[in-house]
Structure formats: C-alpha cells, structure tokens
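Everything on this sheet refers to the single structure shown next.
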Amino acid sequence: MKSGIGIIIFLLAYLQMAAQETDSMKTNTLKEVKVKTVLSNVERMPSVVGTRIWSGKKTEVLNIDNIDANISEKTARQIFAKVPGVFVYDMDGSGNQVNISVRGLDPHRGWEFNIRKNGVLTNSDMYGYPASHYSMPMEAVDHIELVRGTGSLQYGAQFGGMLNYVTKEPDTTRRLGFETINSVGSFGLLSTYNAVSGRIGKIDYYAYYTKRVSDGYRANSNSDYDAQAFMLRYYISQRLKLTAEFARSNYVYQIPGPLNDSMFYADPKLSTRARNYFNPDIYVPSLNLEWNINSQTKLSVTTSAVLGARNSVQYDKPANIKDSINPLTMQYNNRQVDIDNFNSYTAEASLLHQYLLFNRLHAITIGTQLFNNDLRRRQLGKGTTGSDFDLTLVDPHWGRDMHFKTKNIAVFAENNFRLSNKLTVSPGFRWEHGQSDMTGYISYYDQQDLPNSIKHDFLLLGLNMQYDLSKATNFYAGIAQSYRPVIFKDIIPASVYEVVDKNLRDAHGYTAEAGFRGNANGLKWDVSVFHIDYKNRMGSLSMQNDTGAFILYRTNIGNSGTSGAEIFAEYGFSINKQIYMSVFTSTAFMNARYKDAFIKSGNTNVDIDGNKVESVPGIISRSGITLKLYKASISLLYSYTAKSYADALNTVTPSANGSVGLVPAYGLFDINTSYHVNPKMVVRFNINNVFNKQYFTKRPTMYPGPGIWSSDGRGVAISLGIKI
C-alpha cells in the first residue's frame, strides 16, 4: 500500500487520458470530464529568479494559500506533503518549530538546510550552531521555496539545500489593509494572527503580531508563543528599491521529559518532568537593496543579523531517573541552566547579468558572502530548586563559559550557458575561507587543552544541466560539492574523560541528482534519483591516553553514503465548472549506509561499515486526494514513515532509558477542509491523526533529552480568516 500508491496514481492518470482519447466518440459518462492543468499548490522555480540561477536543479515552490493544511500549528507533514522524502521530527510542541530534513540528513531544527526568510539567513550561527531557532508564523507565509543540495553553491555549502520562507506581500491597492486569522483547537490551542499592510506614496509596508498558547498533548507540555515583524519597502526609483525588515519570535515551552519504552506503551501522554523549560528569543533585522541596473543586469545587496538567546532550565536526566524530592533537603534537586547568546552578522551581494553569445542568451551570477559571528555558550549553571521558568543561578559560576567566534568569506559564480534552444549547462564554484576559534572556561578541564581553532578553506565545484522537451517538461541533472563545518557542540568536551581531536576536519562530500519533471494533460510529476556522499562524519572512539587510561576521543569516525529515488505525481481533473478532484503521491526510497567507519561501544571500537545511518527510514510516503466542490475543499492525507534505527550500531532492543532501539514504522491519516464564505473570508477545519495513532519519530541523543518523545495523537483545529 505504502510504496505502490504512486504507481497506482500514474496508472489512473494514464488510463483516464487513454479512456478520453479512445472512447470519446462512444462514451456519454465522460463527456463532462475536462482534464486541465493541475490546480496544485506545488510549482517549480523558474530558470532565473532575481540574481539567482535555478536551471537544472531540483526545486519546489509550495503555495500556502492553496492548501487545506493545519497552518496554525505548522503541521509539517501536511505543509511539505508534496515534497518527496521530507522527514518530520516532532520534538517540542505543535507549532513552535519546524524540524525537517531531506535525503536522510539530520532534521534537528533543520540545521542541514540554509534556512531563510525572504532570502535573509535565519540559522542561528552557520558555523557555531546552524540550527534555526527563529520560528515565524505560517499564517504570514505566502510560499516556501526549497532547493536541494545541488543548488548549494549560490547561497551556502549545506548538504540539505536552501529552504526559504517568503512572506505575504503588502496590499498595494489601499493605504490600509487588515487580515486576521484566529484558531481554536484541541489541547487548549488558542491562536491569533493579525496583520496590516498597504501603500503610502512610494512606501509599501507589512506588519504582523501573532500569539499562540497551548496546553500540549502530553502533561506538562504547555507552550506560549508570540512573534512580531514589520517590513518597509521604499521605491527610490523604478529600478531601485530599499527594503528594511525586522522580525522577532519568542516562545516558552514546558518540556515534558523523555520516556522509555515501557512508559510510552503504558501511556504516551505521560510526563517525566514538570520543571523543565526551553526558551528561544530571536531577532532577525535586515536591510536589502535591489537595483535593476538595466534590462540585462540586476544587483542585490543584503546585510542582516541573527541576535538573541537560546535559554533552557532542566533537570536533565534520562527517563528512568525520577525528578523527586531530595529526602536530605526536602526540596527538588537543583536544575541545570544553559544560555546561548547569538551574535551572527551576514553581508551578501549578488549580481546577475544576461548576455548574448553566438546569438543565444546566457546568464551569469557572481556574489560574495561575509560572516562575522560570536556565539557565547554558558552551560552547567546551577539553577533553582523551583518549578517555574526561572534562569536564576544560585551559584554565579558556570560549569562552561565559552565563545566560538567565526570570520568567513565566501565567493561564488555560476554561468548558465544555453547551448541550444533546449539544452542549458550551468557550471559553477564556491570558495569558502575563514576560521572559527573556541576560547573560554570549563570547570572540569585543563584550560591549556581547551582552545581550539578550525580553519575553513574549501573550493566547491558544481555542474547542472537541463534539457527542455517543452515549456513544462524537462530532464535535469546535477552534481555539486558541499560541506558541513565542525560546530560548537562537536568540540566541547562533555566530561573530563573526553578529549577532542585538535585536527578535526569539516564534513564534506557531494550531492548528485537526475530527474524528469513536467506538467501535461492534468498530470504533474517529478521523478528523480540522487546520491549523497558524506565524508568525515563526527563521532566518538574509545582510546587510551599516555597513562594507559581509557578516554572518549571525539574525532572523524568515517563516511556514509545515501542513495535514493524521489517520486512525485499529481493528477487532477474537473468534472464540471465547479467540481474538481486531484490525487497525488510523494514518495522517497532511501538507503543510507556507513562506509569505512568505526564507533565506540563500551571500551572498544566497533566497525560499522555497512550499517544503516541512524534516523533514516527506508521509505517516506505521503499520498492524498482533494475534492474541491463549489466554495468548499476537503483533503485526505495518508503519511507513512518506515522504521529506522536510533544509533549507528543499529541496536534493535531498546535500552532501559529508551535512548537507543528501533523506531517503529507508523502511518497517519489527516483530514483538512476549507470553506470560502466569500473572497475575503475562509473557514478551515483540520483533524490531525484521525485514528489517534500513538507514535514517535526519533530517539534523540541531545536536546530535548535521550529517550522517546511522543508525537501528538488525534487533534482538531478550526480557524477563521478575514481580510478587510
């Protein structure tokens, strides 16, 4: 059922078209069926957009207005349903954060992606901690652009690719426009989004405020979220515009604690912690200048920053250790306080020029990117014995107080050569040069052994090609090198027994892909294959120091390779002018294996060559059907994720604390509906996880703690959107 749905949809589509062609003279029942272009929410990036070249790359553009998904809670499996292979990691409260990955990469806060908002980088610190803690409301998003790893040369070197959330545009037909979207739902969900926009003279503006609270699916999983943003765009001339943006997101999430397997199967709503909290408070200011120098040349210059803090206060112990009253003090134990302060500054400039050569129009883009980041990490602070969100220290000294400073410059260029009316080839390169320096204090560590410097010096090459069969159908293929820098957490010794390799190497490798995509006779498709070669993965080895004592050695443990196929197909047809139906499948098959790799197990090192990479299901498949009837729309979505392993040793039997063991396969049904009362009012009704499947997506080894984190069971949400 899971992997065969795509084939079924293809067959249905072609059978329908064949039936129309062969039986149109003798069949009355099909007379009213008119096949037309799919009214889909997924499109592809044009070959050239602004100062960027996307020809020959695998891309998706997801239009948020055209889907019935639960956007108030940012249900990622629904929003990204038509992107094959998106792994959704549910870990810290509905609506707070989108944690996804593609092609078997790590989904933790999307840190394998170059994540952007309106083209502005939002990763907290690309070299220190690339997770994206900024969380914008999905109600503010117009569409989402996703470019896979072969597009990495132009915007960053990430294996995952680029993920860009593009916000709604101002209502330029009036001086003041207003939009409000309000939602209520299960588990105490209350959400309001309010935006104003308009045009006054040469200035466009857009501003919003949003607030969302929820009790959460599990006990002790409350969340309180708010976000604000404003945008001012000044048209200096017809060719020159200046855009200033400021955005903030903030939430406090009560962390219900990890479970082990016996706890989860007894009661997935169970909480093992009532005093743990997480709070990212993030600011993203930016200034962008766009200049259409002439009809052939465009320039874009952007300066931006990611500022703010990632705060947590936790009794940070495994699931099988209770957080209970200490009989000696008659109080709870002191909690651990951790605070990261982000000071990440980025300047980017890119120029695109189109030119004639041999009577054909070609395009070249060149650009540069400057980083100056300072991540201060204070950890192992002795917090209070209380139960509320309180970052107060009872001892002013931190167990760890460090800085991770990075200065980096990148230069890129890519040229789109049109070799014929149908064939284009785009070679390119990216050069990265810089250094990250770690300094500071760790209470249990010899300070002479602590400083660590990592140099970034890479020349990355890429090549993409595209062959157009028609305006809507083409073959594409590409290969591009990528790398992932050694990040802050990789080089912090967790204990006095841990030693970090001073010669750590950044992970690097390449992504290769080839596919066939198009849109014809009511059928839209994109079928591709890919391979990711990932070298120098980080891990730990058991070794002996000079005295013969065993130590845990943090170093590069080996390589991995991930191969797979991605299938998207959607077939739509209208029965009459007011009734429309479509069916789709979005399926990925993945095989991720370690190569030439060793990892610590006990006091020995185990060869894991051929083992499956953790948290990579062999199949991720989502399929659905949508019926649009007059002003109403109803969508049924089935999502299936195959089993995966939690560790590189491929442990099957769960540990006592639930941190390792098999992650079982799961399948979920969602029903999403919308009704457009009139052009300015829409009502949405969503049922997530219709059959109340109890499941979990991953067994994390880091935040929010090792063990099982239950995903949400059945929930209902209803929202009302009004534009004035």
Explain nothing, just the number: relative contact order of the chain, from Cα pairs under 8 Å at least 6 residues apart, as a whole percent.
13 percent
Quick check: the angle from helix 5-23's long axis to the longest principal axis of the chain, C-alpha only, nearest 10 degrees?
0 degrees
Need one number: the % of Cα-Cα pairs in segment 474-620 sitting beyond the 28 Å mark.
42 percent
Segment 598-643-segment 539-592 distance, computed between alpha-carbon centres (Å)
8 Å
To the nearest 20 debye, the chain has a Cα-centred charge dipole, built from +1 on Lys and Arg Cβ and -1 on Asp and Glu Cβ, of 1860 debye
Work out from phi, with θ = phi - 60° and the Karplus expression 6.51 cos²θ - 1.76 cosθ + 1.60, the ³J(HN,Hα) of each residue of segment 149-158, listed in order in whole Hz, and give x for Gly and Pro.
x, 6, x, 5, 4, 7, 10, x, 9, 5
Kirkwood Rh and Cα-based Rg: tell me the resulting Rg over Rh for segment 97-198, rounded to two decimals.
1.05
Per residue of segment 312-322, in order, report the coupling 6.51 cos²θ - 1.76 cosθ + 1.60 (Karplus, θ = phi - 60°) as ³J(HN,Hα) in whole Hz, putting x for Gly and Pro.
8, 9, 8, 8, 9, 9, x, 4, 8, 10, 6
Inter-label distance for Leu287 and Met681, nm, one decimal - labels placed 7 Å from Cα along Cα-to-Cβ
4.4 nm
For Tyr209, the net charge from surrounding residues (Cβ-Cβ under 13 Å; K, R +1; D, E -1) works out to 0
Are there trypsin sites (Lys or Arg not before Pro) in segment 317-422 that DSSP puts in a loop and that have at most 11 other Cβ atoms within 10 Å, and which ones?
Lys322
Within the chain, helix-based [θ] at 222 nm, where runs of 4 or more DSSP H residues each add -39,500 (n - 2.57), nearest 500
-1500 deg cm²/dmol
Apply 1/(1 + (r/R0)^6) to the Cβ-Cβ distance of Tyr235 and Asp596, taking R0 = 60 Å, and write down the FRET efficiency to the nearest 0.05.
0.60
If you wrap a convex hull around the Cα atoms of segment 539-643, how much volume per residue is inside, in Å³?
121 Å³
Using per-residue counts of other Cβ atoms within 10 Å, averaged over each peptide, order 518-524, 677-683, 474-480, 266-272 from highest down.
474-480, 518-524, 266-272, 677-683
Sparse-neighbourhood loop sites, trypsin sites (Lys or Arg not before Pro) in segment 534-583 - DSSP loop, at most 14 other Cβ within 10 angstrom:
Lys577
Equivalent ellipsoid semi-axes for segment 186-233, as square roots of 5 times the alpha carbon gyration tensor eigenvalues: give them largest first, rounded to whole Å.
34, 9, 4
Ordered by fewest other Cβ atoms within 10 Å, a rough proxy for footprinting exposure, Ser124, Ser601 read Ser601, Ser124
Which one, Ala494, Asn545, Tyr283, projects farthest toward the positive side of the charge dipole computed for the chain from Cβ point charges (K/R +1, D/E -1)?
Tyr283
Where nothing but the Cβ of Lys and Arg (+1) and of Asp and Glu (-1) is charged, how large is the charge dipole of segment 40-108 around its Cα centre, in debye to the nearest 20?
420 debye
Ranked list, fewest to most other Cβ atoms within 10 Å of each Cβ, for Ile724, Ile532, Ile71, Ile366
Ile724, Ile366, Ile532, Ile71
Spin-label model distance (nm) - Lys202 vs Val496, 7 Å beyond Cα toward Cβ
6.7 nm
On each of the three principal axes the extent of the alpha-carbon atoms of segment 302-457, given in whole Å and largest first, is 86, 36, 28
Integer Hz, Karplus 6.51/-1.76/1.60 couplings in order for segment 219-224, x for Gly and Pro:
4, 6, 10, 5, 9, 9
Leading residue at positive end of dipole, the chain (Cβ point charges), from Ser528, Ala266, Gly618:
Ser528
Using alpha carbon centers only, segment 342-379 is separated from segment 483-512 by a whole-angstrom value of 26 Å
For a quick check: sort Ser132, Ser574, Ser304, Ser443 by the number of other beta carbons within 10 angstrom, fewest at the front.
Ser443, Ser574, Ser304, Ser132
What does the charge dipole of segment 130-212 about its Cα centre add up to, to the nearest 20 debye, if the Cβ of each Lys and Arg holds +1 and the Cβ of each Asp and Glu holds -1?
160 debye
At 4 °C and a viscosity of 1.567 mPa s, what translational diffusion coefficient does Stokes-Einstein give for the chain, taking Rh as the Kirkwood radius over Cα pairs? Give it in µm²/s as a whole number.
48 µm²/s
Which of the trypsin sites (Lys or Arg not before Pro) found in segment 93-181 are loop residues per DSSP with 13 or fewer other Cβ atoms within 10 Å of their Cβ?
Arg174, Arg175
For segment 282-345, report the translational diffusion coefficient in µm²/s to the nearest whole number, using Stokes-Einstein at 10 °C, 1.306 mPa s, and a Kirkwood Rh over Cα pairs.
96 µm²/s
Which one, Asn334, Thr122, Thr604, projects farthest toward the positive side of the charge dipole computed for the chain from Cβ point charges (K/R +1, D/E -1)?
Thr122
Could you tell me the relative contact order of segment 532-582? Use alpha-carbon pairs under 8 Å, at least six residues apart, and round to a whole percent.
32 percent
For segment 51-125, the percent of all C-alpha pairs falling in each 5 Å bin, from 0 up to the bin holding the max distance, is 3, 14, 20, 27, 23, 9, 3, 1
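We did not get these values from a lab; they are worked out from the coordinates using the rules stated. If you're wondering where the values come from, they're calculated on a predicted model, not measured in any experiment. FYI the Cβ positions are ideal-geometry reconstructions off the backbone, even for glycines, and counts take in every protein chain you see.
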